[in-house]
Amino acid sequence: MIQIQNLNRHFGGRFRQAKVSAIAGLDLTIQPGELFGLVGPDGAGKTTTLRILAGILKPSSGTATVNGHDVVDDAEAIKQELGYMPQQFGLYPALTVDENLNFICDVFGVFGNAREQRIQELLDFTNLHEFRGRLGRQLSGGMQKKLSLTAALVHHPKVLLLDEPTTGVDPVARREFWDILTMLHTEGSTVIVSTPYMDEAERCNRVGLMYDGQLMVCDTPNAVKRMLPGMMFALRADNLMLAENVLKTVEGIHDIQPYGDVLNLLVEDESVGTRITACLHDAGVKIESLRPAPPRLEEAFIYFVRQFSTNHVQEVSA
Amino acid sequence: MTNRHMMAIARKEWLHITRDPMTIFLLAIGPVLMLILVSYAMATDVENVPTVIYDLDQSELSGQLADELDATNVLDVQGYVSSEAAYQDKLERRKTKLVVIIEEGFGEQISTLDGLMSLETAKPKFSFVIDGTDPISAETALEAAMKTSEAFVTGQLGAVLDEQQAAGMADDLITLYRLQLESPINTTVENRYNPDLKAIWDLVPAMIAVALVLPGMSISTVIARERSEGTLEALVATPINKHAILLGKSLPYMITSLINVCLMYVVARVVFDVPFRGSLPLYLLLSALYAFATLSIGLLFSILIPSMEAALWASMMFFLFPGVLLSGMFFPVDVFPFLVKIETIELPVVSGVIINRGMFLQGVGARELWWNIVVLLIIALEGFEIAGRLFKKRIA
Ligand SMILES: Nc1ncnc2c1ncn2[C@@H]1O[C@H](COP(=O)(O)OP(=O)(O)O)[C@@H](O)[C@H]1O
Ligand SMILES: [Mg+2]
């Protein structure tokens with residue numbers, strides 16, 4: 001189990017550097033066996049959070065424990081039970097895939113047959129067999145990510161921390177990655193994965209939406225989406241550009257997002273629908289269809305960020 | 001546990017070293033190569049040392065001697081001077097390195113046998129004034145000048161003796177004269193800037209100590225390299241023991257250092273004919289201690305200095321400069337007395353130079369070197385201890 005209480009971490013502030021607050025007042029509890037998604041844009045504080053949990057970064061204040069071990073006082077005990085995959089490729093670029101894995105096995109004391117078996121198993125898992133002799137630096141971004149994951153799994157960790165495992169990975173490899181994570185989840189591992197992609201967040205059993213060092217919402221993807229007030233419309237029309245411009249002035253529309261030949265509209269309630277039809281008609285836009293649509297995490301996230309920012313501005317000005 | 005971790009790191013570090021051609025080159029034969037290159041550069045190729053002659057005799061024979069001196073490879077006689085002030089001036093302006101003074105009466109002295117049987121002071125007298133700033137070429141030049149002069153005098157007197165023998169001089173008298181011919185001249189040497197010409201023997205042991213800082217310099221970048229390659233984050237997130245990381249990283253460097261010590265010992269003895277007067281087992285032991293001390297400091301730099309370039313510069317200033325100054329490679333210590341003060345600074349390379357010179361040339365042992373041994377022990381253990389304390393398994 002992972003418990004984070006009122007965790008803060010800032011950087012700088014010395015030698016006249018600007019003080020940056022990377023995470024501010026984070027509270028979070030993750031149960032064993034969860035596949036938890038830490039979701040947020042660049043600079044939200046995901047990496048900082050995972051580093052603190054991995055015992056390689058000290059919090060400025062607050063506490064965090066992993067399986068009962070404190071991240072400051074008991075960091076080495078955490079490292080025994082943890083698999084950590086950094087955002088950046090953390091294995092040796094001058095060593096081959098095999099040499100890198102052997103090194104990790106050396107560190108974790110996996111020797112002999114057990115080692116060969118484990119490496120086989122993991123390479124099956126990640127499809128890296130044919131690249132065993134290749135140097136780390138010669139691997140593609142996606143293969144490097146897979147190798148990092150493989151290395152993090154060598155010692156059967158109870159808890160896995162994966163920092164943006166799919167950033168910079170092609171869509172096929174991304175799917176494979178998520179298959180692996182889902183498999184680990186069903187095997188009972190606790191997996192915490194950070195990602196900037198909302199569509200990936202849907203695959204977690206619980207997500208925490210992070211922004212500006214704080215957790216805005218934390219629940220199952222469906223519950224998060226249900227928190228969205230109002231409803232979604234999907235609009236198809238002959239002139240989407242014009243439609244978008246027109247709808248910007250219509251009251252009761254929180255958000256407009258174009259998706260290919262569809263405009264997704266987040267609106268206050270169903271009654272806005274008639275207003276939309278009327279306005280578009282006046283502007284000469286021909287509506288092909290206007291249907292209620294299920295909201296996605298992306299809309300939810302944008303909504304929460306907007307709300308969070310206005311609250312924040314109010315707080316600051318108050 | 002710690003042991004296993006250490007071996008894991010050592011193996012990985014070894015792979016790193018062997019994978020990168022530059023590093024393997026630098027570590028495997030860098031020190032030996034440095035020793036050979038520097039020592040050879042200093043030892044050989046002494047040619048055409050500018051020489052002037054102050055001829056007080058002005059005879060035909062003194063002129064012949066000047067030609068003989070010029071005929072050697074080592075010396076290049078550039079002309080005559082007519083006063084002491086003139087050659088002083090040339091020496092000071094570095095126009096000449098060697099002055100050969102031929103005393104008055106030289107021509108006469110070597111035309112008869114009279115001088116040969118008399119006192120040392122009555123023998124043909126030569127004075128040499130030499131600029132010893134560059135000890136190796138000074139010594140070579142001086143030796144050439146003495147040999148040539150001696151051979152010239154011996155030749156001349158030998159001819160006179162042959163004439164006397166033909167003229168019927170008694171045989172036992174001839175034998176007596178011939179015996180005297182073995183040291184026919186009386187020389188005085190005035191060494192201008194470097195009284196007891198430091199020779200190659202002095203340089204080679206010092207260079208061994210200096211060359212052995214290369215592994216220490218190399219290791220000063222290892223942590224910075226992990227940081228810049230982004231591998232430090234993954235490494236510190238493993239449960240690996242932090243002292244094992246430091247020891248494991250040192251181990252391959254330690255091994256290459258010891259291999260180099262053996263190679264350099266052989267090169268010093270065989271190639272440069274340097275005598276070794278101490279105890280070999282003690283020498284190996286102290287060399288290992290010295291290597292450990294430089295590696296400890298290198299590791300400490302590695303932990304303290306976040307960039308590879310800065311770490312390399314720091315270790316260069318710390319290891320290489322004092323060692324090079326002390327070795328006499330560029331400036332003879334006797335000429336610049338302040339350099340002697342370096343000996344009193346407790347740097348590993350200083351103790352290394354003192355130990356190497358002492359064991360090669362003076363044959364001293366642990367009793368005479370105790371202070372330097374203590375210094376190295378403190379540097380090695382304390383350096384490693386502080387490195388271990390400062391190295392945090394964290395990234396910021
Ligand atoms: N080592 C550091 N030094 C200074 N600032 C940092 C450091 N690490 C992170 N930050 C800052 O903290 C904030 C959060 O960063 P990070 O945790 O990396 O976010 P994310 O992983 O979500 O992109 C950013 O503004 C970043 O610039
Ligand atoms: Mg990040």
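Out of residues 5 or more away from B:V81 or on other chains, whose amide H comes under 5 Å of its own, with H placed 1.01 Å from N in the peptide plane?
Excluding prolines and chain starts, which carry no amide H, the hits are B:I53, B:Y54, B:D55.
Show me the trypsin sites (Lys or Arg not before Pro) within region A:121-204 that DSSP assigns to loop and that have at most 10 other Cβ atoms within 10 Å of their Cβ.
Of the trypsin sites (Lys or Arg not before Pro), not one in the loops of region A:121-204 has a Cβ with at most 10 other Cβ atoms within 10 Å.
Where a Cα-Cα gap under 19 Å defines reach, which lysines qualify for A:K145, not counting those fewer than 8 residues away within the same chain?
Within the straight-line limit of under 19 Å, A:K145 reaches these lysines: A:K46.
Would you mind computing the Rg to Rh ratio of the protein assembly as shown from its alpha-carbon coordinates, Kirkwood style for Rh?
Rg/Rh for the protein assembly as shown comes to 1.26.
How far is it, in nm, from the label point at A:S61 to the one at A:D255 when both lie 7 Å from their Cα along the line to the Cβ?
Using points 7 Å along Cα→Cβ, the separation is 3.3 nm.
Where only protein heavy atoms count, and the probe is 1.4 Å, what is the accessible area per residue for region A:2-220 in Å²?
I get 40 Å² per residue for region A:2-220.
For region B:4-23, state which residues have at least 20 Å² less accessible area in the presence of all protein chains than in their chain by itself, taking the probe as 1.4 Å and leaving out ligands, DNA and RNA.
The answer is B:R4, B:A8, B:R11, B:K12, B:L15, B:H16, B:R19 - residues whose exposure falls by at least 20 Å² when every protein chain is included.
Work from the charge dipole of the protein assembly as shown (Cβ charges, +1 for Lys and Arg, -1 for Asp and Glu, about the Cα centre) and give the residue of B:G363, B:S62, B:G230 farthest towards its positive end.
B:G230
Per q in 0.08, 0.09, 0.11, 0.13 Å⁻¹, report the Debye log10 I(q)/I(0) for chain B, using one uniform scatterer on each alpha carbon and no solvent.
-0.58, -0.67, -0.84, -1.02
For region A:1-131, which whole-number percentage of the solvent-accessible area (1.4 Å probe, protein heavy atoms only) is attributable to carbon and sulfur atoms?
Here carbon and sulfur together make up 47 percent of the probe-accessible area.
Excluding same-chain residues fewer than 8 positions from A:K19, which aspartates and glutamates have a Cα within less than 19 Å of its Cα?
Within the straight-line cut-off, A:K19 pairs with A:D42, A:D212.
Let me understand region A:2-220 better: what is its radius of gyration from the alpha carbons, and its Dmax, in angstrom?
17.3, 55
Ignoring solvent entirely, what values of log10 I(q)/I(0) come out of the Debye formula for region A:229-294 at 0.12, 0.19, 0.22 Å⁻¹ when each Cα is a single scatterer?
With one equal scatterer per Cα and no solvent, log10 I(q)/I(0) is -0.23, -0.60, -0.83.
Take every Cα-Cα distance within region A:88-157, group them into 5 Å bins from 0 onward, and report for each bin the whole-number percent of pairs it holds.
3, 19, 34, 27, 14, 3, 0
Using protein chains only (no ligands, no nucleic acids) and a 1.4 Å probe, work out which residues of region B:351-396 have their accessible area cut by at least 30 Å² relative to the chain alone.
Those residues are B:K393, B:R394, B:I395, B:A396.
Counting heavy atoms of the protein chains only and a 1.4 Å probe, report the per residue accessible area for region A:229-294 as a whole number of Å².
I get 56 Å² per residue for this part.
To the nearest 100 Å², how much accessible surface do chains B and A cover up together, summed over both, with a 1.4 Å probe?
The buried area between B and A, both sides summed, comes to about 2600 Å².
Where does region B:1-61 land on Rg(C-alpha)/(2.2 N^0.38 Å)?
2.53
Apply the Karplus parameterisation 6.51 cos²θ - 1.76 cosθ + 1.60, with θ equal to phi minus 60°, to every residue of region A:168-180 and state each ³J(HN,Hα) to the nearest whole Hz, in sequence, with x for glycine and proline.
Per residue, the Karplus-derived 3J(HN,Hα) values read x, 10, 5, x, 5, 5, 5, 4, 4, 4, 5, 4, 5 Hz.
In whole Hz and in residue order, list the ³J(HN,Hα) couplings for region B:265-282 that follow from phi through the Karplus curve 6.51 cos²θ - 1.76 cosθ + 1.60, θ = phi - 60°; x for Gly and Pro.
Result, ordered by residue: 4, 5, 4, 4, 6, 8, 7, 9, 6, 6, x, 10, 10, x, 9, 5, x, 5 Hz.
With the solvent-accessible surface defined on protein heavy atoms using a 1.4 Å probe, which residues belonging to region A:80-100 display a reduction of at least 20 Å² in accessible area in the multichain context relative to the isolated chain?
Residues of region A:80-100 that lose at least 20 Å² of accessible area once the other chains are added: A:Q80, A:Y84, A:P86, A:Q88, A:G90, A:Y92, A:P93, A:A94, A:L95, A:E99.
From the cross-link list B:K90/B:K147; B:K97/B:K123; A:K79/B:K393; A:K58/A:K79, which pairs have alpha carbons spaced over 19 Å apart?
Violating the 19 Å limit, Cα to Cα: B:K90/B:K147; B:K97/B:K123.
Test of understanding: in a Gaussian network model of chain A with alpha carbons linked when under 10 Å, which of A:D238, A:D212, A:D163 would top the mean-square fluctuation ranking?
Maximum among the listed residues: A:D238.
If I compute solvent accessible area with a 1.4 Å probe over the protein chains, what percent of it on chain B is carbon and sulfur?
61
Using the Karplus curve 6.51 cos²θ - 1.76 cosθ + 1.60 with θ = phi - 60°, work out ³J(HN,Hα) for each residue of region A:291-308 in order, rounded to whole Hz, and write x for Gly and Pro.
Using θ = phi - 60°, the values come out as 10, x, 10, x, x, 10, 4, 4, 5, 4, 4, 4, 4, 5, 4, 4, 4, 4 Hz.
Do any chymotrypsin sites (Phe, Trp or Tyr not before Pro) in region A:2-105 lie in a loop, going by DSSP, with at most 10 other beta-carbon atoms within 10 Å of their beta carbon, and if so which?
Answer by residue number: A:F15.
Taking all protein chains in place and a 1.4 Å probe, what share, in percent, of the accessible surface of region A:229-294 do carbon and sulfur account for?
Percent of accessible area from carbon and sulfur atoms in region A:229-294: 52.
Quick one: Cα centre-to-centre distance for region B:7-58 and region A:209-280, in angstrom?
74
The values are calculated or read from the model by the stated rules, or taken from the named source; none is laboratory data. As the structure is a computational prediction, the values presented were derived from the model and not from experiment. When we count neighbours, we look across all protein chains shown, and the Cβ atoms used for this are built from the backbone with ideal geometry, even at glycine. When the accessible area is computed, the model is the full protein with side chains, heavy atoms only, and any ligands, DNA or RNA have been set aside. Shrake-Rupley method; radii C 1.70, N 1.55, O 1.52, S 1.80 Å.
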